[in-house]
Amino acid sequence: MPQRTIVEAINNALAEEMESDPLVMLLGLDVGRLGGVFRTTTGLVERFGAERVVDTPLAEASIIGASLGLALAGMVPVAEIQFLGFTAQGFHQIGPQLGKFRQRSRGRYHCQVTIRAPFGGGIRSPEFHSDAVEAQFVQTPGIKIVMPSNPYDAKGLLLEAIRDPDPVLFCEPDRLYRSGRAEVPDGAYTVPFGKAAVVREGEHITLVAWSAAVELCLRAADKLAEEGVSATVVDLRTLVPLDIETLCNQVAKTGRCVIVHEAPLSAGFGAEVSATLMEQIFYDLDAPVARVGAFDVPFPAASLEDYYLPSLDRVVAAVRKTLQS
Amino acid sequence: MTAGPFALSKNKDVQERHSVLQADGTIATGAQPRMEEEFLLEALRWMMKSRLYDTRVISLQRQGQFGVFSPGMGQEASIVGSAMALDPTRDWIVPQYRELMATVHHGLPLEIITAQYLGKIGPARIPDGVRVLPTQVSIAAQLPQATGLAWGLRLRGEDAVVMAYIGEGGSSEGDFHEALNLAGVTKSPIVFFLQNNQWAISTSRRVQSATASFAFRAAGYGFPGVQVDGNDVMAVYDVAVAAVERARKGEGPTLIESVTYRMSFHNTTDNPSRYEDPKEHEEARTRDPIERVQKYLTGLGLWDKKREAALTEELTQENEAALQLAFAAPAPVPADVFANVYDHPPQRVVQQEAELLDGRRD
């Protein structure tokens, strides 16, 4: 079976879907000749032409707003916003517009739009490039929020996103884009939304994460194993919809939980996960649910990002503390 | 004045204000309007229908029987003249919220848009086949969407033009500029119809922009901008037809600044006496878009008080019938809170719906 990085898996998914569905088109900054700033769309303009792989003006609100309109015309747009933090300049076209359009039109129109956006720290990006703002969109209902952590899921979740009649924000972990290869089959397959993955099974504690933080949790689990601690790692894969059942079952099994995310701690999606656990399985918990996030300050200069982001040490420390209580 | 009907200039970025039917009901010297008398009578009918509807629903709103409403009073020539340039069987209207009668002219039943103002849900759904998007209260957000729609229709091989509405206030929004820029680059088949009614709630046109004409803005995006007397239905129609034809031929967008005046108020919560100079209002009254058509047709022997009374009666009945249908349409039910948000709703949303409805079913 072919081995692919996340970049290659996304490129492969886009190419295959454009091949099979002539209505699928890509638009965004530099997605054409350059192949995107991370090269996820390499070779696609040569293969499918400039009408279907469109370099747009530098204007996020119109990239997203036009995608909505393209969808109303029957196209299946996949928009790329160069970095998730840049959605700020098009925020109103995502939450308030895409998220509400179907309801506002009383179901007459739906918006089959996928917005792809790389995000996260760890690659020494300039300012505003690394912001993990996924939780902001949880507060704008109507949008599905997808956070793949590995090459196989990246392809399967992206195909599910493109085919979903509902709008999807697809956040790509840029730190992991080329960090390793994994088996990614040729041909179409989908990974359903709202199905968390149990990527490692253990007995003593359950680590819950999404996107690049899953990789951090796996490293933490390796380190903890050296100390005789066996950890389950749950990859939520999608924040909306949230797989409450798998989350609760996997935490109830170990009775202890640490949630890890790259977004600032306060009102990050970890708060939602923690509250859900309290509501659903309070009596199965042996210790308070802990969270490890970025600090509640703006993302600092790249030279400081290692201090700001959740680190291996902070995750391991949170696990040790949770195990002691 | 050039010979022949109005044409968009090939040589100028911005054209001077086009005028045909002057405020006193006479035709401007040398003007050759496209609208013939029969068609002008139809335009008058739609403009009167709009004025009568506004008058009636303002009265209903004052009695607590109608939602917040933004009338089109004073702007009927802009609203009707622009819509009459479109073919409802293939073209699309992307409204802001002050173009109600344009959408009705385009095939949206009056009782359906009325039901929306009454808070109805299912009965306010735009019927399949009616090429109209929902009204948009988030100012200018509709414009990038309209550009995308026009672009997409061309990609689909459809012979369609999109007419997107905006006000002069909305042209200060970033979305306006992003949408026009993208439309210029993609050469999308779209007409941006900017109604300059001089007011954005209480904010005067003078405060809104230092530009001498909002039509100038088109030059920055590489397509023509043209000003028209927005109280002159014959001129609005001329300009709109030229812009629609240009779009249909694949020549790209046009920005039309239709210079008019908001003769009522922003919406039923507004009170213009706090900020509007009464003299300015009185002066605008002398340029009424409906009266000038009636004067002109009177001169041709096609209009008189008797006909006006008869048509007023007929249109009042029509409007009343639509209002009755809208009032009689089913009221919303709690499940409508969840209706049509998602095609595949998340499990938690399904549970929340069950929670809301639990015990509420009769």
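General remarks:
- If the condition is being in contact with a Leu (Cβ under 9 Å, 6 or more places away or on another chain) and touching a residue at least 40 places away in the same chain (Cβ under 8 Å), then segment A:225-239 contributes A:Val229, A:Ala231, A:Leu236, A:Arg237, A:Thr238.
- The condition of being among the β-branched types (Val, Ile, Thr), surrounded by fewer than 22 Cβ atoms within 10 Å (Cβ to Cβ) and in contact with a Lys or Arg (Cβ under 8 Å, 6 or more places away or on another chain) holds for B:Ile121.
- Residues of segment B:147-179 satisfying the condition of being more than 9 Å from chain A (Cβ to nearest Cβ) and open to solvent by less than 10 Å² (accessible area, probe 1.4 Å): B:Val161, B:Met163, B:Ala164, B:Tyr165, B:Ile166, B:Glu168, B:Gly170, B:Ser171, B:Phe176
- Of all residues in segment B:250-258, none are surrounded by fewer than 24 Cβ atoms within 10 Å (Cβ to Cβ), of a type in the set (A, V, I, L, M) and either within 22 Å of B:Arg51 (Cβ to Cβ) or in contact with a strand residue (DSSP E or B) (Cβ under 8 Å, 6 or more places away or on another chain) (or both).
- Among (1) surrounded by fewer than 17 Cβ atoms within 10 Å (Cβ to Cβ); (2) charged (D, E, K, R); (3) assigned by TED's automatic domain parsing to the domain that holds A:Ile94; (4) under 26 Å from A:Leu265 (Cα atoms), the one test that A:Arg219 misses: (3)
- Selected residue (criterion: surrounded by the fewest Cβ atoms within 10 Å (Cβ to Cβ)) from residues of segment A:132-151 that are among the small types (Gly, Ala, Ser) and in contact (Cβ under 8 Å) with a residue 60 or more places away in the chain: A:Ala135
- Residue in segment B:46-66 that is open to solvent by less than 40 Å² (accessible area, probe 1.4 Å) and aromatic (Phe, Trp, Tyr) present: yes
- Selection from segment B:193-207 of residues that are closer than 26 Å to B:Thr103 by Cα, out of contact with any Gly (no Cβ under 9 Å at 6 or more places or on another chain) and part of a strand (DSSP E or B): B:Phe193
- Selection from segment A:296-313 of residues that are closer than 17 Å to A:Pro173 by Cβ and in a loop (DSSP other than H, G, I, E, B): A:Phe299, A:Leu309, A:Pro310, A:Ser311
- Checked against (1) at the interface with chain A (Cβ under 9 Å from one of its Cβ atoms); (2) assigned to a helix (DSSP H, G or I); (3) of a type outside the set (A, V, I, L, M, F, W, C), B:Asp128 passes all but condition (2).
- Segment B:180-194, subset among the β-branched types (Val, Ile, Thr) and open to solvent by less than 10 Å² (accessible area, probe 1.4 Å), residue farthest from the other protein chains (Cβ to nearest Cβ): B:Val191
- For B:Trp303, the conditions (1) at pLDDT 95 or above; (2) more than 14 Å from every other protein chain (Cβ to nearest Cβ); (3) touching a Pro at 6+ places or on another chain (Cβ under 8 Å); (4) not in a helix (DSSP H, G or I) are fulfilled apart from (3).
- Some residue of segment B:65-79 being part of a helix (DSSP H, G or I), within 14 Å of chain A (Cβ to nearest Cβ) and either in contact with a strand residue (DSSP E or B) (Cβ under 9 Å, 6 or more places away or on another chain) or β-branched (Val, Ile, Thr) (or both): no
- Residue within segment A:113-126 that is modelled with pLDDT of 95 or more, surrounded by 20 or more Cβ atoms within 10 Å (Cβ to Cβ), within 11 Å of another protein chain (Cβ to nearest Cβ) and under 17 Å from the mean Cα position of the chain (by Cα) present: yes
- Total residues in segment A:6-51, condition within 20 Å of the chain's Cα centre (by Cα), β-branched (Val, Ile, Thr) and surrounded by fewer than 20 Cβ atoms within 10 Å (Cβ to Cβ): 1
- Only residues that are farther than 30 Å from A:Gly99 by Cα and crowded, with 24+ Cβ neighbours inside 10 Å were counted across segment A:233-262, and they come to 4.
- Restricting segment B:17-35 to residues that are open to solvent by 50 Å² or more (accessible area, probe 1.4 Å) and under 22 Å from the mean Cα position of the chain (by Cα), the residue that is modelled with the lowest pLDDT is B:Arg34.
- Taking the criterion of being surrounded by 14 or more Cβ atoms within 10 Å (Cβ to Cβ) and either among the polar types (S, T, N, Q) or free of Cβ contacts under 8 Å to residues at least 60 places away in the same chain (or both), the residues of segment B:315-337 that qualify are B:Thr316, B:Asn319, B:Val337.
- Residue match in segment A:152-168 (condition: assigned to a strand (DSSP E or B), crowded, with 23+ Cβ neighbours inside 10 Å and within 14 Å of chain B (Cβ to nearest Cβ)): yes
- Qualifying residues in segment B:131-146 (those that are over 20 Å from B:Asp54 (Cβ atoms) and more than 9 Å from chain A (Cβ to nearest Cβ)) - the one surrounded by the most Cβ atoms within 10 Å (Cβ to Cβ): B:Ala140
- Scanning segment A:118-138 for residues that are outside any loop (DSSP other than H, G, I, E, B) and either touching a Ser or Thr at 6+ places or on another chain (Cβ under 6 Å) or polar (S, T, N, Q) (or both) yields a total of 1.
- Listing of helices (runs of 4 or more DSSP H) fully contained in segment A:204-295 that carry 3 or more residues being closer than 26 Å to A:Leu159 by Cα, within 22 Å of the chain's Cα centre (by Cα) and within 14 Å of chain B (Cβ to nearest Cβ): A:244-254
- Failed criterion for B:Gly301 (all others in (1) closer than 30 Å to B:Ala242 by Cα; (2) in contact with a Gly (Cβ under 7 Å, 6 or more places away or on another chain) hold): (2)
- Residue in segment B:195-214 that is open to solvent by less than 30 Å² (accessible area, probe 1.4 Å), in contact with a Leu (Cβ under 9 Å, 6 or more places away or on another chain), in contact (Cβ under 8 Å) with a residue 24 or more places away in the chain and closer than 18 Å to A:Ala59 by Cβ present: no
- Being assigned to a helix (DSSP H, G or I), within 14 Å of chain A (Cβ to nearest Cβ), within 27 Å of B:Ala124 (Cβ to Cβ) and among the acidic types (Asp, Glu) is a property that does not hold for B:Glu318.
The values are calculated or read from the model by the stated rules, or taken from the named source; none is laboratory data. Fair warning: this is a prediction, and the values are worked out from it, not measured in the lab. Don't worry about glycine lacking a Cβ; one is built from the backbone with ideal geometry, like all the others, and counts go over all protein chains shown. We work out accessible area using only protein heavy atoms, side chains counted, and drop any ligands, DNA or RNA first. Shrake-Rupley method; radii C 1.70, N 1.55, O 1.52, S 1.80 Å.
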